[in-house]
Structure formats: structure tokens, C-alpha cells
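One structure is given below, encoded as C-alpha cells.
The values are calculated or read from the model by the stated rules, or taken from the named source; none is laboratory data. Model, not experiment: these values are computed from the prediction. A quick note on method: Cβ atoms are made from the backbone with ideal geometry, for glycine too, and the neighbour counts reach across all protein chains shown.
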Amino acid sequence: MRDHAQRIRDAGAKLAAIGLGDRPYARAFREETGIDFPLLIDEERRAYRAVGLKHGSLLHLLRRDNLAARNRARAAGHRQHRLGKNPFQLGGSFVFGPGDVDRFVHVSRTFGDNADPADLIAALG
């Protein structure tokens, strides 16, 4: 999302990430990735449970879609950051509000299953 943060702000939205690590891990992640938006810490996974995010397993590493995502990431110059508190926690992407409205919901099915940034930005309109 780092590469799309300005487009999201230009659309009038605010961007934030939620991670499982502690403060030192979050600080290192911000430095490594260069994100300039808030990175919130959820060591107890409350937000993850509230939105129903899933867990991966070692078997997910063998999935064809996960292999394809790893290859795309590697080709784009991305690398694996150090493992966090729960490396099997899968993520998600959401566009909320205003009000009690879910404009976009993507719950990752495996590692590397990320929402298309174009879909997230389209949900802002």
C-alpha cells in the first residue's frame, strides 16, 4: 500500500496498517518498508478476531497461488521481512465508512493473497 498511499489520501481517505508486533518490531518494519502512514499495534489480535481474519499453516506454503504470489513479490524486488509474533496470521484489507459502512472487504485466503490496490481505491469513490 506504500506505493498507493498518496492516491488514497488524494481521494480524501486515511490509510492505516495494523500489525501484531511490539513497538520495536513496528519501528523496524516502518524503517524497512518506508511507510509514511500510521502503523497500529495489536499484540493481542483483537482487531484480527473482530474482522474474522484467518490463520495460514505450513501447508499454505505449498499452495500454487502462494508460490505465484511469492514469485511476483520477488520479481518486483520485495523481500521477506523478519518474522513477527505470529507468522501464520493472514491479513486483510478494508475500506470503512463514513458511518457504519463496509465499502470493501478482502480477507486473505493464504500468504500473499492481497487486495488489488485499484479495487481499494475504487471503493473510495
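Residues V95, V101: which one is among the β-branched types (V, I, T) and in contact with a Leu (Cβ under 7 Å, 6 or more places away or on another chain)?
Of V95, V101, the one residue that is among the β-branched types (V, I, T) and in contact with a Leu (Cβ under 7 Å, 6 or more places away or on another chain) is V95.
Can you report the number of residues in region 91-125 which are under 21 Å from A73 (Cα atoms) and among the basic types (K, R)?
The qualifying residues number 1.
Could you count how many residues in region 55-73 are buried (at least 16 other Cβ atoms within 10 Å of the Cβ) and either in a loop (DSSP other than H, G, I, E, B) or of a type in the set (K, R) (or both)? Reasoning before the result, please.
At the first step, the residues of region 55-73 found to be buried (at least 16 other Cβ atoms within 10 Å of the Cβ) are 56, 60, 63, 66, 69.
When the remaining residues are screened for being either in a loop (DSSP other than H, G, I, E, B) or of a type in the set (K, R) (or both), the result is 56, 63.
Residues flagged as buried (at least 16 other Cβ atoms within 10 Å of the Cβ) and either in a loop (DSSP other than H, G, I, E, B) or of a type in the set (K, R) (or both) within region 55-73 amount to 2.
So which residues in region 12-27 are surrounded by fewer than 14 Cβ atoms within 10 Å (Cβ to Cβ) and more than 21 Å from L90 (Cβ to Cβ)?
Pass one, region 12-27, residues surrounded by fewer than 14 Cβ atoms within 10 Å (Cβ to Cβ): 12, 14, 16, 22-24, 27.
Across region 12-27, the qualifying residues are G12, K14, R23, P24, R27.
So which residues in region 39-59 are touching a residue at least 40 places away in the same chain (Cβ under 8 Å) and not aliphatic (A, V, I, L, M)?
First, the residues of region 39-59 that are touching a residue at least 40 places away in the same chain (Cβ under 8 Å): 43, 45, 48, 51-54, 56.
Of everything in region 39-59, those that are touching a residue at least 40 places away in the same chain (Cβ under 8 Å) and not aliphatic (A, V, I, L, M) turn out to be E43, R45, Y48, G52, K54, G56.
Just one of the numbered conditions (1) within 23 Å of D3 (Cα to Cα); (2) at pLDDT below 90 is not true of F88; which one?
Every condition holds for F88 apart from (1).
Among the residues in region 109-124, are any crowded, with 17+ Cβ neighbours inside 10 Å, modelled with pLDDT of 90 or more and touching a Ser or Thr at 6+ places or on another chain (Cβ under 8 Å)?
Let us first name the residues in region 109-124 that are crowded, with 17+ Cβ neighbours inside 10 Å, namely 110-113, 115, 120-121, 123.
Imposing the further condition that a residue be modelled with pLDDT of 90 or more reduces the set to 115, 120-121, 123.
Within this subset, residues satisfying the condition of being touching a Ser or Thr at 6+ places or on another chain (Cβ under 8 Å) are 115, 120.
Yes, region 109-124 contains at least one residue that is crowded, with 17+ Cβ neighbours inside 10 Å, modelled with pLDDT of 90 or more and touching a Ser or Thr at 6+ places or on another chain (Cβ under 8 Å).
Residues checked against (1) touching a residue at least 12 places away in the same chain (Cβ under 8 Å); (2) more than 19 Å from I121 (Cβ to Cβ); (3) aliphatic (A, V, I, L, M):
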| site | (1), (2), (3) |
| --- | --- |
| G12 | yes, no, no |
| A17 | yes, no, yes |
| R30 | no, yes, no |
| F37 | yes, no, no |
| L61 | yes, yes, yes |
| N86 | yes, yes, no |
| Q89 | yes, yes, no |
| D100 | no, yes, no |
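Just one of (1) more than 24 Å from A11 (Cα to Cα); (2) assigned to a loop (DSSP other than H, G, I, E, B); (3) at pLDDT 85 or above; (4) of a type outside the set (S, T, Y) trips up A47, so point out which.
(2) is the only condition that A47 fails.
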